[in-house]
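The values are calculated or read from the model by the stated rules, or taken from the named source; none is laboratory data. Just so we're clear, the structure is a prediction, and the values are computed from it rather than from any experiment. Cβ placement follows ideal geometry from the backbone for every residue including glycine, while neighbour counts extend to all protein chains displayed. Surface accessibility is based on the protein's heavy atoms, side chains included, excluding ligands, DNA and RNA. Shrake-Rupley method; radii C 1.70, N 1.55, O 1.52, S 1.80 Å.
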Amino acid sequence: MYLDDAGAAPVFPEAAAARAGSPWANPSSPHQAGQAARAALDSARDRAAFALGVSQAELAFCASGTEAVNLAVLGAGRRLPEGRSLVTWAGEHQAVLGAARELELEGKPVVILPTDRRGLADLSLVPAEAGLISLGLANNELGTVQPVAQVAALAQARRALLHLDCCQGPRWLRPPLELVDLASFSGAKLGAGPGGLLYGRQEVRLEPLVYGGPQEWGRRAGREDVGSALAVAAALSICAERRGEEVERIADLSDRLLAALNDAGGELTGGEPRLPNYATAVFSQRRGEDLLLALDGAGIAASSGSACASGSLDPSHVLLAAGYTLEAALGSLRLTAGYETTATEVDCAVETLRRVLRR
């Protein structure tokens with residue numbers, strides 16, 4: 001049973017078919033095969049733009065969500081005027097924090113602010129000299145939905161750019177791209193498999209991460225991966241069509257998972273507003289790795305902390321930023337349902353959780 005939808009959503013069959021049927025040629029080649037690839041890439045951009053409600057010229061396909069985040073944070077951060085800073089929060093994804101650390105090493109001012117117990121961004125400390133603000137649509141580990149509208153108002157008041165990390169959340173929420181300057185998306189978390197996408201208003205100038213040809217409006221040099229672009233566009237379209245009908249059903253299932261975690265002695269984490277598919281908790285007397293092994297042996301695929309940090313014994317930086325103790329952070333458990341999750345599966349999961357977590 002797969003309850004790790006937030007780590008990597010199962011690939012939609014339509015997205016897999018789009019990738020498998022993609023043209024093989026280089027879209028920049030003038031011959032017929034190359035032009036067929038160009039037409040397919042253009043159709044992917046058209047479909048993604050329609051799903052997001054933006055212009056085709058504002059979208060650049062990337063290899064992953066991490067690359068899209070880095071292109072936004074480093075690409076805009078390296079062009080900040082003297083005295084303007086990058087501002088983000090300690091509970092953001094490591095892709096954001098890693099890019100922030102790199103900017104700091106390059107001599108750019110960086111401000112990393114605290115979050116509250118729910119993982120919500122503290123807006124009261126955003127400095128007046130902010131030039132680029134990077135915020136997640138929803139917290140990757142806790143599912144807490146961030147106050148994007150309020151942050152957008154702050155950014156506008158400070159004449160700062162706003163980057164929205166949309167790698168987590170678009171399967172359940174419409175990304176409010178009309179409020180932001182940059183937004184990054186992950187194919188793996190959309191249900192597309194490998195791939196990524198960066199939205200950037202046409203007026204925003206970015207320093208490329210990769211230099212070479214003029215592909216992707218000059219924002220990302222190199223041959224485009226047509227298959228990934230088609231898959232990402234298909235997944236975005238499916239999410240836009242299905243998210244409304246799925247939210248209530250999945251929220252009911254997640255409530256049952258939250259109750260099971262609570263009944264088993266876990267301390268529930270995160271808070272409202274929350275993505276509807278999240279059920280997270282910490283077990284202070286247990287280790288996340290032990291919990292995952294026990295659940296996996298019982299047929300449940302879950303996660304402890306961020307999937308990007310799998311294999312690491314380090315505590316969740318998100319929980320530490322939210323004020324949890326080291327002991328609690330080491331015992332985190334994240335269960336996330338998806339479009340494919342059924343009530344019968346959750347019934348089985350609840351019984352398994354009760355049996356395994358009470359040992």
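Here are the numbers:
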read-out: Test: residue in region 221-235 that is closer than 18 Å to SER303 by Cα, touching a residue at least 60 places away in the same chain (Cβ under 8 Å) and small (Gly, Ala, Ser); value: no
read-out: Test: VAL226 is surrounded by 20 or more Cβ atoms within 10 Å (Cβ to Cβ), at pLDDT 95 or above and of a type in the set (Val, Ile, Thr); value: yes
read-out: Residue match in region 201-217 (condition: touching a helix residue (DSSP H, G or I) at 6+ places or on another chain (Cβ under 7 Å), closer than 24 Å to GLY77 by Cα and polar (S, T, N, Q)); value: yes
read-out: Filter result (under 30 Å from TYR278 (Cα atoms) and open to solvent by less than 40 Å² (accessible area, probe 1.4 Å)) within region 10-26; value: PHE12, ALA15, ALA18
read-out: Some residue of region 63-71 being touching a Cys at 6+ places or on another chain (Cβ under 6 Å), of a type outside the set (D, E, K, R) and buried (at least 21 other Cβ atoms within 10 Å of the Cβ); value: yes
read-out: From GLY91, GLY7, residue being of a type outside the set (D, E, K, R), buried (at least 17 other Cβ atoms within 10 Å of the Cβ), at pLDDT 95 or above and more than 24 Å from ARG205 (Cα to Cα); value: GLY91
read-out: Residue in region 279-295 that is assigned to a loop (DSSP other than H, G, I, E, B) and under 24 Å from the mean Cα position of the chain (by Cα) present; value: no
read-out: Output for region 149-185, where each listed residue is open to solvent by less than 10 Å² (accessible area, probe 1.4 Å) and either out of contact with any strand residue (DSSP E or B) (no Cβ under 8 Å at 6 or more places or on another chain) or not in a loop (DSSP other than H, G, I, E, B) (or both); value: VAL151, ALA155, LEU162, HIS163, LEU164, ARG171, LEU177, LEU182, ALA183, SER184, PHE185
read-out: Region 27-39, subset of a type outside the set (A, V, I, L, M) and open to solvent by 50 Å² or more (accessible area, probe 1.4 Å), residue nearest to GLN215 (Cα to Cα); value: SER28
read-out: Some residue of region 215-222 being open to solvent by 60 Å² or more (accessible area, probe 1.4 Å) and not hydrophobic (A, V, I, L, M, F, W, C); value: no
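Quick grid of which residues meet (1) surrounded by fewer than 23 Cβ atoms within 10 Å (Cβ to Cβ); (2) touching a residue at least 12 places away in the same chain (Cβ under 8 Å); (3) in contact with a Lys or Arg (Cβ under 9 Å, 6 or more places away or on another chain); (4) under 21 Å from ALA8 (Cα atoms):
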| position | (1), (2), (3), (4) |
| --- | --- |
| ILE250 | no, yes, no, yes |
| GLY270 | no, yes, yes, yes |
| LEU275 | no, yes, yes, yes |
| TYR278 | no, yes, yes, yes |
| ARG286 | yes, yes, no, no |
| ALA298 | yes, yes, yes, yes |
| SER304 | no, yes, yes, yes |
